[in-house]
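Undergrad: Could you have a look at this structure, given as structure tokens, before my questions?
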Amino acid sequence: MVINVPFLLNAFFKFIMPLVDPITRDKVRFNPKVVQDGLIDNDKLLNVHGWGGGVDFEFKHEIYWKTMIEACKTRREEQMQRWKDLGGKIGEDEWLIKGGPTSSSLETTATATETPVVGAQASATVEPVQG
């Protein structure tokens, strides 16, 4: 679902959409009437900038910015601690630093046919092509 598409882009997609696979075409909607088509409930849509929803919301910088800065600071401290716990090496797997599953938890959940490759454990060997 893409809302508020400019005229030229909308015209372009109307031109090429007949060439797209019918299953994919049914999933793509440009400039739908989100409430009338039942895509979004009116009580969950904002009532600003012509959206026509039932939710009145005003962003108050003094309140929300402070909360966002605190959340970012807490997340950064947690990630820094994870990085230090992993050895503090440059090039450490970002997924692990951000709190993703560890390599040991990946190994226990991997199926018999899959071999997980994580971070510094990943290595690729390129074999020359015989021709």
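The values are calculated or read from the model by the stated rules, or taken from the named source; none is laboratory data. Keep in mind that what you see is a predicted model, and the values were worked out from it rather than measured. Reconstructed Cβ throughout: ideal geometry from the backbone, glycine too, with neighbour counts over all protein chains shown. The area values use the complete protein model at the heavy-atom level, side chains included, leaving out ligands, DNA and RNA. Shrake-Rupley method; radii C 1.70, N 1.55, O 1.52, S 1.80 Å.
Undergrad: Does residue 76 satisfy the criteria of being within 30 Å of residue 101 (Cβ to Cβ), surrounded by 12 or more Cβ atoms within 10 Å (Cβ to Cβ) and without any contact (Cβ under 8 Å) to a residue 40 or more places away in the chain?
TA: no
Undergrad: Among the residues of region 79-93, write down those that are open to solvent by 70 Å² or more (accessible area, probe 1.4 Å) and of a type in the set (Asp, Glu).
TA: Residue satisfying the conditions is 85 alone.
Undergrad: Consider region 1-38. How many of its residues are at pLDDT 85 or above and open to solvent by less than 50 Å² (accessible area, probe 1.4 Å)?
TA: 4
Undergrad: For the list (1) within 25 Å of the chain's Cα centre (by Cα); (2) surrounded by 11 or more Cβ atoms within 10 Å (Cβ to Cβ); (3) modelled with pLDDT of 75 or more, I need the number of the one condition that residue 54 fails.
TA: Every condition holds for residue 54 apart from (1).
Undergrad: Of the residues in region 62-108, how many are touching an Asp or Glu at 6+ places or on another chain (Cβ under 7 Å) and modelled with pLDDT of 90 or more?
TA: Residues that pass the stated criteria total 1.
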